[in-house]
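Just below is one structure, and these are the notes that go with it.
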Amino acid sequence: MDKEKIRVLVEEIVKATLKQPKQIPIAASNRHIHLSPEHVDRLFGKGHQLNKLKDLSQPNQFAAKETVTLIGPKGKIQNVRVLGPARGSTQVEVSLFDGFTLGVKPPIRNSGDIKGSGAITIQGPRGQVTINEGLICAARHIHMHTSDGESFGVSDGDRVQVRVEGERGVIFSNVLIRVSPKYKLEMHIDIDEANAANIKNGQLGEIVAIESRVQVSGG
């Protein structure tokens, strides 16, 4: 093959690579709970430290061996996994279907946005606590490292549409972008959304549109 043919071939490969969509692995999040240090003590005993069961996909996050029971007005859900490490405020993340089981209506919120959210009772092996706010159904979102944000051309707080192919292919709208050097690229949806679209953990999605961008004030 002469040099000219090699040059043309290389150019075609580069162009094809640039046109390839950037894909995002998807994870379906089942019900779980983040506990404050105070509530770890009240549910599992003074000075208790959460024991790691396995690492999660996001750096420095883990599923703990500990589980709790959620108690609502109409029912309860046992063996709800605690995630670690402990954080500032307790946050319980359930699906809308779980809400029917418990007899509550968890608001759809971004993680961390718990002001005025749902109430729930949490039972541990050494105690029980009722929180007046902290119960949510987590809004769909994408974790991105800062380098991923640059590569995708999006910023923290932007909202996008994500297409997932398959027998029950779907386009998810209003997907929040969360960018941090602490994050690893992954889209999170809840178990109801995953089941409705027949999405398996690790399946890939593609950003197909940017719905809104964060307004950056000039200095």
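Laboratory data are not the source of any read-out in this text; all were calculated from the coordinates shown. Predicted model, so just to flag it, every value in this text is computed and none were measured. Cβ sites come from the backbone with ideal geometry, for glycine too, and all protein chains shown count toward neighbours.
Legend: translational diffusion of the range 144-219 by Stokes-Einstein, Rh = Kirkwood radius over C-alpha pairs, 20 °C, 1.002 mPa s; D = 161 µm²/s. When the trypsin sites (Lys or Arg not before Pro) in the range 61-144 are filtered for DSSP coil states and for at most 14 other beta-carbon atoms within 10 Å of their beta-carbon, the remaining sites are Lys74, Arg87, Lys115, Arg126.
With the simple spin-label model, which puts each label point 7 Å out from Cα in the Cβ direction, the Thr146 to Asp2 separation comes to 5.0 nm.
Within the range 64-88, which residues have the backbone N less than 12 Å from the label spot 7 Å out from Asn30 along Cα→beta-carbon, could you tell me? Within reach of a label on Asn30: 78-82. Taken along the Cα-to-beta-carbon direction at a fixed 7 Å, the label points for Asn195 and Gln128 span 2.7 nm.
So, with +1 on the Cβ of K and R and -1 on the Cβ of D and E, and no other charges, what is the size of the charge dipole of the range 104-219 about its Cα centre, to the nearest 20 debye?
360
What residue among Glu150, Glu167, Glu66 shows peak mean-square fluctuation when the chain is described by a Gaussian network model with Cα springs under 10 Å? Highest fluctuation among the options: Glu167.
Taking square-rooted eigenvalues a ≥ b ≥ c of the alpha carbon gyration tensor, is the chain rounded, prolate or oblate, where a/c under 1.5 means rounded and, failing that, a/b exceeding b/c means prolate?
It is prolate, given that a/c is not under 1.5 and a/b is the larger ratio.
Once you reduce the range 155-193 and the range 36-86 to the center of their Cα atoms, the two points are 25 Å from each other.
Considering only the other residues whose Cβ falls under 14 Å of the Cβ of Asn198, what net charge follows from Lys and Arg at +1 and Asp and Glu at -1? Taking every other residue near Asn198 into account, the sum is -2. In units of the compact-protein estimate 2.2 N^0.38 Å, the range 30-138 shows a Cα radius of gyration of 0.98. The residue list Val104, Gln123, Gly149 was ranked by how far each Cα lies along the charge dipole of the chain toward its positive end, using unit charges on Cβ atoms, and Gln123 comes out on top.
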